[in-house]
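The values are calculated or read from the model by the stated rules, or taken from the named source; none is laboratory data. Since this is a predicted model, take the numbers as computed values, not measurements. Note: ideal-geometry Cβ built from the backbone for every residue, glycine included; neighbour counts use all protein chains shown. Just the protein is used for accessible areas: all its heavy atoms, side chains included, with ligands, DNA and RNA removed. Shrake-Rupley method; radii C 1.70, N 1.55, O 1.52, S 1.80 Å.
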Amino acid sequence: MSDLGKEYRIAGVTVRKVQEQYLHDVPPSFLYPTAGSEEIKAVEPRLSAVDMEEGRDALVVSIHSWLVITPDHVILIDTGSGNDKERPRNSGFHHQTIPFLDRLRQAGVEPEDVDFVINTHLHVDHSGWNTVLQDGRWIPTFKNARYVFPRAEQEYYASTASHNDVNIPSLGVYEDSVRPVIEAGLADFIDSAGGPFLDRFIFLPTPGHSIGHMSVMLEADNEAAIFAGDVMHHPIQVERPDLNTVFCEFLDQAAQSRQRVLELAADNRAMYFSTHFPGSSAGYVTRDGEKFRWSYV
């Protein structure tokens, strides 16, 4: 299921996926606890082969980063779950040893080449490679980069207010993957209103999945793309934007943000770079009457 080497040229930049891992045999009933089995079955015929396991009874989920190379900068959007992290309450991400940085190099970029690291939000599987373990200390992986965090995310996860059931999988992330970056003086913060970034990007507020979730829109040369983090986890939600995942914390906002992103993607013919769709993880959203449809590229 590898798309190593595949690249996209859009809006004056080059985009490559850097794979961390695939999660297999994910029960739909776990990821979408409010959806009945018949609701999933109604969507299943329009899902691609890569979206589900061979028996079509469980989902496949990807974890990866998007490497964006502009004429002036090297940008990494979201950083997976990381190695060596203490995640005893999230065993799938506990003490991992994944050759992610080797894959980044295979994509043509050394860690020291990265100019900006953008975390759409600060969950366990989006900020882990912000830091690496060296001599018993967590240090920034991308030592020459500015790390860009949504301010509302930073403030929330730095506080005990975030210590609730939804966030159990992400306990410890702030301490080992965010705070060391801030202490190293490498962090910049995006306020909740979003706004322009560099010369062709716009931070688009998409709260709901998490408190300050921020998508990134790319526009140039009459072309557009959207990097929307966890606005959606699986192509199921393209057709069913009303469905929230078990990991969404603010449910009404999450559904509203999802609808907004789907409308933006469809109406602007924007390439959608997902963070968890399997396969190539990139594609287009189109309208089909009142519904939206998904197709990979």
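Side notes on the structure shown:
- Qualifying position, being closer than 17 Å to residue 32 by Cα, among the acidic types (Asp, Glu) and open to solvent by 20 Å² or more (accessible area, probe 1.4 Å), among 288, 252: 252
- Counting the residues of the range 196-209 that are under 25 Å from residue 124 (Cα atoms) and surrounded by fewer than 17 Cβ atoms within 10 Å (Cβ to Cβ) gives 1.
- Across the range 136-170, the qualifying residues are those that are modelled with pLDDT of 95 or more and among the acidic types (Asp, Glu), and the one among them that is most open to solvent (accessible area, probe 1.4 Å) is 155.
- Only one of 117, 50 that is modelled with pLDDT of 95 or more, of a type in the set (A, V, I, L, M, F, W, C) and crowded, with 19+ Cβ neighbours inside 10 Å: 117
- Tally of residues being farther than 17 Å from residue 64 by Cβ, surrounded by fewer than 18 Cβ atoms within 10 Å (Cβ to Cβ) and basic (Lys, Arg) across the range 77-109: 1
- Checking 188, 230, 199 one by one, the residue that is in a loop (DSSP other than H, G, I, E, B), touching a residue at least 40 places away in the same chain (Cβ under 8 Å) and of a type in the set (D, E, K, R) is 199 and no other.
- Considering 229, 212, the condition of being at positive phi, surrounded by 21 or more Cβ atoms within 10 Å (Cβ to Cβ) and under 16 Å from the mean Cα position of the chain (by Cα) is satisfied by 229 alone.
- Residues (crowded, with 20+ Cβ neighbours inside 10 Å and assigned to a helix (DSSP H, G or I)) located in the range 11-42: 28, 31, 40
- Listed conditions (1) under 22 Å from residue 17 (Cα atoms); (2) of a type outside the set (A, V, I, L, M); (3) within 14 Å of the chain's Cα centre (by Cα); (4) open to solvent by 20 Å² or more (accessible area, probe 1.4 Å) are all met by residue 247, apart from (1).
- Of the residues making up the range 72-101, those that are farther than 13 Å from residue 123 by Cα and of a type in the set (A, V, I, L, M, F, W, C) are 74, 75, 76, 77, 98, 100, 101.
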